[in-house]
1. Taking 30 Å as R0, compute the FRET efficiency from the Cβ-Cβ separation of B:Tyr155 and A:Phe117 and round it to 0.05.
2. Collect residues whose amide H, placed 1.01 Å from N in the peptide plane, falls under 5 Å from the amide H of B:Ile383; neighbours closer than 5 in sequence don't count.
3. List B:Tyr311, B:Tyr20, B:Tyr155, B:Tyr56 from most exposed to least, where exposure is judged by having the fewest other Cβ atoms within 10 Å.
4. In peptide A:124-131, what is the residue-averaged number of other protein chain Cβ atoms found within 10 Å of each Cβ?
5. If you keep only loop residues by DSSP, which GluC sites (Glu not before Pro) in segment B:19-107 have at most 12 other Cβ atoms within 10 Å of their Cβ?
6. So which trypsin sites (Lys or Arg not before Pro) in segment A:111-211 end up in coil per DSSP with only 12 or fewer other C-beta atoms within 10 Å?
7. Using alpha carbons only, how many degrees (0 to 90, rounded to 10) separate the axis of helix B:60-76 from the longest principal axis of chain B?
8. Just need the relative contact order of segment A:155-306 here, percent rounded to a whole number, with Cα pairs under 8 Å and 6+ apart.
Amino acid sequence: MSLSVQVKLPDGSTYTQPTGLFINNEFVKSIKGEKFESICPATEEPIAAVYRAYEEDVDVAVKAAREAYNTVWKETGGVQRGKLLFKLAELMEKHADELAGIEAHDSGKPKATNAIFDVEESANCMRYFGGWADKVTGKSIPLGKDKFAYTLHEPYGVCGQIIPWNYPLAMAAWKLGPALAAGNCVVLKTSEITPLSMLWLANLIKEAGFPPGVVNILSGFGKDAGARLASHEGVDKIAFTGSTATGQVIQQLASKNMKAVTLECGGKSALVIFDDADLDQAAKWAAIGIMSNQGQICTATSRIYIQDGAYDKFLQAFKAHVEEEYTSKQGCPFNDTHVVGPQISQPQYEKILSYIEIGKKEGAKLLSGGKTPASLTKGYFIEPTIFADISPDMRIANEEIFGPVVACGRFKTYEEGLKYANQTQYGLGSAVFTQDIAKAHRFASDLEAGMVWINSSNDSDIHVPFGGVKMSGVGRELGEYGLTIYTQAKAVHVNMGSKL
Amino acid sequence: MVTDEYPLTVHIKLPNGVEYDQPTGLFINGEFTKSKQGKTFEVVSPSTEEIVCSVYEALEEDVNAAVDAAENAFKNTEWATQDPSVRGRCLLKLADLVEQHAEVLAGIESLDNGKSLFCSRGDVALCSAYFRSCAGYADKVDGRIIDTGSNHLSYTRREPIGVCGQIIPWNFPLLMASWKLGPCLATGNVTVLKTAESTPLSALYLCNLLNEAGFPPGVVNIISGFGKTTGDVIALHPKVRKLAFTGSTATGRHIMKRAAESNLKKVTLELGGKSPNIIFNDADIAKAAQNMIIGIFYNSGEVCCAGSRIYCQSGIYDELLVEFKKAIANLKVGDPFDETTFQGSQTSQLQLDRILNYIDVGKKEGAQLITGGERIGGKGYFIKPTIFGNVHEEMRIVKEEIFGPVVTITKFETVDEVIELANNSEYGLAAGLHTEDINKAIDVSNRLKAGTVWVNTYNDFHSSVPFGGYAQSGIGREMGIEAFDNYTQVKAVRIKIDKKKA
């Protein structure tokens, strides 16, 4: 009945961690019965072993979701769907501390300065989409006396959702909220690196009153469970957040039954600072833009371009701020003063360090960081790292590092700054700092990016659409846009008098 | 009655045993206060004619205090400018609280208005559902970005209007309060709401829930009073920028004049109706009869969109009338607190007299009294469900709104004929039509001049669906996404953008 283990957190508290696959509101063993371990990135110790879903388990979950859709969820009106989402938000707030603890332990996010805010945002996201649930409307289209046409904005049916490890709870909320509000049933696969918080949340989903089969949560790996979900003929839509390379694979797998695809992939977002910018504020926002969440943000503004006149002054302020507010506040996620935790895993840790070596070899100037902190040899810790004097062709100026490593360079003119900003294959986020309102809006319009922050960075909000252009993705999440991508329009034509 | 001795809270025991504390003051700036002159008026229970309690009456100086409190909340606090999801959360909490206090609220409503518990419970459920629906919209009042070329950034904002005056009627006291408060508060406005003098109690009870839900002081102010004194002051007030009124067409016309005379405050009106309920030959007769019952006898017929003119196609006329009379015979009219009662009392002596007078008029005009037509008993304002037949279109009982359990029934032959009959009215609030033929349903719906057309149902509301009148039945729509347009004004912003080189 209940598959679980007791887990002790670094703050001394213990909690019951479910380990099964969550299907039809029950935790079950996987068919093969195999488990895999989730590692704590701050200590490199295993936390718990959870059941691993393979293809056959995905099949079971998809079947459960389809059954729930056909027999119950399809008939459940928007008012009721909204009520359930409101209830879930309430429960998440009630258990915020527990959720933040699990998230911090499994993902390395500092509990007090990072994880707790993710939980808050996730609850708000459920509540926000709960408010949309009874407001999914189509149009009636006037066509004269002989014809009446209207559109129904229908749910897809069964949606597959594959989420990453950098914001386990929040990424789930961004996906579940709109999908459920729009009337879909879901099979959600967590990242194999961070399966724990969503399994615990599954209890709240059941408590909130969602009928069995509406939300199914599987722990598993991309190459089998994820691939099966993306190609499954019983799944009507796949939503994926992760790397661009995997996103491309998902898009191809989805073509098997032409399922709808939305992708939130990688980025190498540019933050452009003009001479007239408030440099002190720019330094602070730039730090948020790359050093938050250990740099593991798809929209990280990981390239900073500073106009000639402000170059030295900005870098000086930026380095000082990063070292004071980030580098010196790095360590165990359960210490409330820490702002920077470990990177998520051994492979990520090695990848970031190798990019740091590449940066040095390419001739970029290392201004700060660049190595493992001396006092933190256990756990995947890397110091906040600043490179300066980059040139456009450097690998560290074009490739996504996904760690606390920023590449800074200079530019002369508006055109040059724009050219550098738009040079990569990506187009997710971007930021511009200037006090000149016309320049700001013009630049925003010229940037090739799904999001532009004017005088801030990574200042996202669930009311505002989020997503990328170019190789950064397809579709938008959050805001009303995030709701509509979980619906499809059916046009109904009523013949009112055309006789042949 | 002039006294400043009257307590601000009175303990009341409802006929079904539920006990509660009834606030009696004016709710201004988050607190209950006595009126400045200490004036009060009596509240009567229409099903027993007994005095329930008194409440304080707002006169001009009290209205001014309420408006000042509202203006202060709008201008000097962050109510209108903060993250709008905070407003949404207050409304969500309010919805939950209404649900928690459902039995008390339903009891107050039945005591004060005389409607059956069956009706008042329905009202309370619709009320909390509506608050919840508005809550979800608070942080979604988006404008548009409009592409006019790269030399400009052009966009619209939808901003709150400011201090709203809201005047509600006595037929659905709590529900009408929710229809007014919901969209007003979701969009960041503040309000002074006046209840009807015959039914002030449930809204005053709601005030405690408003505080508990976290609405800051001054955002909602609720005052009891009379139209000529209290209501008129609100309608003329220079600081009130928007007025929403539900009530009779005559008063609505007056309100609109006052708005124009004063400061051209924006006006939305939900007024009277004389809605046609049309039954075609191919309708399901049993279901049609049930919908006719709901259409005219629900809420004792005190419904603005009541289906008070029935048009029945000749092919089924006799059969339908038999079915209708049978259904009426099964209706329980009586004590609102009896769980089996469908129809309670009328709301006041005034209403009782008005309806009985119309019944008299009908008889004098030569209409045939098919059933009912008289008061029930001597205590409590109860009237028998009443049908008049053999009417013609010029009769007063066919043209004028009676606002009670009195319906006329007319035979018709063709679709064109009934559409003309149905549309022959100064009103245009609602209409019902019953048929199994989808083409007829859509075609007739298209041609009826009414703000709501019900097909094979009646008085069938949903918070997501807009409601309001054509012609002299009103201006603007309540509920649905349309309601929020009443409480926002569009600001267009055009920013000139010059091309920069550096």
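Please treat every number below as a calculation from the coordinates, not as lab data. Since this is a predicted model, take the numbers as computed values, not measurements. Don't worry about glycine lacking a Cβ; one is built from the backbone with ideal geometry, like all the others, and counts go over all protein chains shown.
1. After rounding to 0.05, the efficiency reads 0.55.
2. For B:Ile383, whose amide H was placed from the backbone, the distant partners under 5 Å are B:Gln346, B:Ile376.
3. The order, fewest Cβ neighbours first, is B:Tyr155, B:Tyr20, B:Tyr311, B:Tyr56.
4. Mean shielding count: 4.
5. Answer in residue order: B:Glu78.
6. A:Lys139, A:Lys145
7. Roughly 50 degrees, rounded to the nearest 10.
8. 22 percent
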